[in-house]
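Bear in mind these aren't lab numbers, they're just calculated from the coordinates by the rules spelled out. Note that this is a predicted model, so its numbers are computed, not measured. For neighbour counting, all protein chains shown are included, and Cβ atoms are generated from backbone atoms with ideal geometry for every residue, glycine included.
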Amino acid sequence: MTPQSAPTAAELAAAPWRTSSYSAANNECVEVAPVGVWVGLRDSKRPHGSVVAVPAAAFAAVVDALRNGTL
């Protein structure tokens, strides 16, 4: 298995970013976007700022841990 390279800036810019339906009206939330086998995360107040990209499997594990209360 060969790891896929992290997404490029252009791929992240074109990604379908979304916020949680629970986010506050003033956009104080984290946005996420799927990009291949990666998930991009960014500050909703700075959509053109820095982005952290993590493997989708790792992101899913964190979300699962939050949902079941182990994190």
Exercise. Check whether at least one residue in the range 29-47 is more than 10 Å from the chain's Cα centre (by Cα), among the hydroxyl-bearing types (Ser, Thr, Tyr) and exposed (fewer than 11 other Cβ atoms within 10 Å of the Cβ), and report yes or no.
Key: no
Self-check item: Output for the range 53-69, where each listed residue is surrounded by 13 or more Cβ atoms within 10 Å (Cβ to Cβ) and part of a loop (DSSP other than H, G, I, E, B)
Solution: none
